[in-house]
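A.B. asks: Let me begin by handing over the structure; questions about it come next.
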Amino acid sequence: MHPGHLGLLTASPADDGHYMVAELQAIIGGDTADLLCFSSQTGEWVNKKMAYPLPPRPLGPNGVVAHSGRLWWVDLSWCLLTCDPFADKPVLRVVPLPEGKALQYREAWGLLDKYRCVGVSGGKLRFVDMYKNRDSTGAAQISVWTLADPDSTEWTLEYEATFEEICDDATYKATGLPRKIPVLALIHPTNPDVVYFFQDDHMVGVDVRARKVVECEVYELVEPPREHVCSRFVHAWQLPPVLCSGSAKETEDDANEELQGLHL
């Protein structure tokens, strides 16, 4: 029904590493939802009925995150929904956004994934927020929140910084990029202090806690056009060690050779 509600979760290595594809299908105003699941073990689709715990408001399709043996459906304006799709009878649980971060229905519709994201970093679920986030002087800020326990609903503010502080640092000045609010890309998968942004045709990695630029490269996305880039179009991946054991040049050559053999 919507690609923004489709997730992929792998089982633990002890369970032979099989996987589950699952789409949450909810009808506005209904008290039940469908979880349409495909298991690599059975090779079949099954539909699992669940109680639906939210009031009659559409769930924003801002992506699905795999974490702690569960899938987490993200609505950047409101909340997260989570369950274990491997369970015979999954139970949806609601995790609200941090206090004061919920928005009205359709507020910033189509813009939130430029200024907010949810991702896993350092083994914990993180919420990154720029939208309407300003300090007492009105300066735009970025803040990072952590859900320390996947069974909790309490978020902890890890750190925040203004973009003025970041742009004033010598490491940002050295990039030659303009002093303007960037577009959010993602949070580093292992270092929660580092957040990536789109700034013009560059992707910039910033250690937000230290207010310093740590990476800056021209990005080479084929699509979408620059004016539409946002967190929805990029994902952080941790490659298995076997894929990282060779040199970067060998890995690139092997990947290029494989791509040339594909008929796209």
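A.B. asks: Can we say G30 is surrounded by 15 or more Cβ atoms within 10 Å (Cβ to Cβ) and not in a strand (DSSP E or B)?
C.D. replies: no
A.B. asks: Applying the selection to segment 40-76, what residues are part of a loop (DSSP other than H, G, I, E, B), within 15 Å of V118 (Cα to Cα) and among the small types (G, A, S)?
C.D. replies: G60, G63, S68
A.B. asks: Suppose we filter segment 135-158 for residues that are surrounded by 16 or more Cβ atoms within 10 Å (Cβ to Cβ) and of a type outside the set (G, A, S); how many remain?
C.D. replies: 8
A.B. asks: Would you check which residues across segment 67-123 are among the aromatic types (F, W, Y), more than 17 Å from the chain's Cα centre (by Cα) and crowded, with 22+ Cβ neighbours inside 10 Å and list them?
C.D. replies: none
A.B. asks: Residue check: is A139 touching a helix residue (DSSP H, G or I) at 6+ places or on another chain (Cβ under 7 Å), under 18 Å from I181 (Cβ atoms), without any contact (Cβ under 8 Å) to a residue 40 or more places away in the chain and not aromatic (F, W, Y)?
C.D. replies: yes
A.B. asks: What number goes with the only condition from (1) touching a residue at least 12 places away in the same chain (Cβ under 8 Å); (2) over 13 Å from M130 (Cβ atoms); (3) not hydroxyl-bearing (S, T, Y) that E220 does not pass?
C.D. replies: For E220, the exception is condition (1).
A.B. asks: Hey, another quick one. Report, by residue number, each residue of segment 141-155 that is among the hydrophobic types (A, V, I, L, M, F, W, C) and at pLDDT 95 or above.
C.D. replies: Across segment 141-155, the qualifying residues are I142, V144, W145, L147, W155.
A.B. asks: Here is a check on your reading of the model: is T171 out of contact with any Phe, Trp or Tyr (no Cβ under 7 Å at 6 or more places or on another chain), of a type in the set (S, T, Y) and more than 26 Å from V64 (Cβ to Cβ)?
C.D. replies: Spelling it out, T171 is indeed out of contact with any Phe, Trp or Tyr (no Cβ under 7 Å at 6 or more places or on another chain), of a type in the set (S, T, Y) and more than 26 Å from V64 (Cβ to Cβ).
A.B. asks: Here is a follow-up. Please note which strands (runs of 3 or more DSSP E) are completely contained in segment 156-242 and include at least 2 residues that are under 14 Å from K114 (Cβ atoms) and at pLDDT 95 or above.
C.D. replies: Because the criterion is at least 2 residues that are under 14 Å from K114 (Cβ atoms) and at pLDDT 95 or above, the strands (runs of 3 or more DSSP E) in segment 156-242 that meet it are 183-187, 194-199.
A.B. asks: Taking Y196, is it free of Cβ contacts under 8 Å to residues at least 60 places away in the same chain and crowded, with 19+ Cβ neighbours inside 10 Å?
C.D. replies: yes
A.B. asks: Next question, about the same structure. Is at least one residue of segment 24-46 in contact (Cβ under 8 Å) with a residue 40 or more places away in the chain, under 19 Å from S231 (Cβ atoms) and not charged (D, E, K, R)?
C.D. replies: Scanning segment 24-46, I find no residue that is in contact (Cβ under 8 Å) with a residue 40 or more places away in the chain, under 19 Å from S231 (Cβ atoms) and not charged (D, E, K, R), so the answer is no.
The values are calculated or read from the model by the stated rules, or taken from the named source; none is laboratory data. Just so it is clear, the model here is predicted, and its values are computed rather than measured. Cβ atoms come from the backbone with ideal geometry, glycine included; neighbour counts cover every protein chain shown.
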